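Notes follow once the structure below has been shown.
The values are calculated or read from the model by the stated rules, or taken from the named source; none is laboratory data. These figures come from a predicted structure and were not determined experimentally. Don't worry about glycine lacking a Cβ; one is built from the backbone with ideal geometry, like all the others, and counts go over all protein chains shown.
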Amino acid sequence: MTLSIDTAISDPAWEESCDDCEAVVEKAIHAVFAHAPVAKGLLKKKVAPEISVVLANDDLVHTLNRDYRDKDKPTNILSFAMLDTDDGWQAPDHPGPCALGDLVLAYETVKREAEVEGKTFESHFTHLLIHGTLHLLGYDHIEDEAAEEMETIEIQILNEFGIKNPYITA
């Protein structure tokens with residue numbers, strides 16, 4: 001079974017800042033599946049994960065953030081995990097196709113954050129994709145121990161891309 005990624009570019013501004021946005025999406029998400037224990041476990045079970053990525057703008061992400069998270073502002077990325085339940089994240093118990101969820105990114109916020117943080121657009125975009133994909137796999141950063149596990153995976157993957165640890169503060 002293989003990983004399936006469907007990328008939709010709903011705002012053409014993405015293509016102005018990214019030579020091949022779909023390739024960045026593919027590379028980042030595949031890297032998560034090569035490193036994250038939960039992801040590798042799904043592939044061993046012959047689960048065929050499906051992820052949808054929407055490269056949107058602040059207006060759409062603001063609406064989604066307000067309607068689904070009660071936060072009346074845009075954010076850089078939203079992760080809508082299909083396997084989250086009231087009892088936590090539940091791995092599928094069957095082989096075959098499995099929708100993991102959706103990632104929706106806001107162009108203006110991603111661009112602004114990259115500029116403010118002195119990062120390239122592509123490196124910030126890559127980090128957010130890795131971070132969001134880990135959320136789809138049940139990783140979180142609410143508790144310190146869980147945050148450390150998630151950030152360790154992110155840092156390892158980013159290091160392979162030559163991207164600095166985003167959690168080191170100056």
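Overview of results
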item	result
Some residue of segment 25-47 being of a type outside the set (A, V, I, L, M), under 23 Å from H124 (Cβ atoms), exposed (fewer than 13 other Cβ atoms within 10 Å of the Cβ) and touching a strand residue (DSSP E or B) at 6+ places or on another chain (Cβ under 8 Å)	no
Residues satisfying the stated conditions in segment 127-162, i.e. part of a loop (DSSP other than H, G, I, E, B), out of contact with any strand residue (DSSP E or B) (no Cβ under 8 Å at 6 or more places or on another chain) and not small (G, A, S)	Y139, D140, H141, I142, E143, F161
Total residues in segment 51-81, condition without any contact (Cβ under 8 Å) to a residue 24 or more places away in the chain and more than 15 Å from L128 (Cβ to Cβ)	10
Test: residue in segment 50-57 that is out of contact with any helix residue (DSSP H, G or I) (no Cβ under 8 Å at 6 or more places or on another chain), of a type in the set (D, E, K, R), on the phi > 0 side of the Ramachandran plot and modelled with pLDDT of 95 or more	no
Residue in segment 101-116 that is farther than 24 Å from Y167 by Cα, part of a loop (DSSP other than H, G, I, E, B) and either over 17 Å from the mean Cα position of the chain (by Cα) or not small (G, A, S) (or both) present	no
Selected residue (criterion: modelled with the lowest pLDDT) from residues of segment 74-89 that are assigned to a loop (DSSP other than H, G, I, E, B) and surrounded by 12 or more Cβ atoms within 10 Å (Cβ to Cβ)	L83
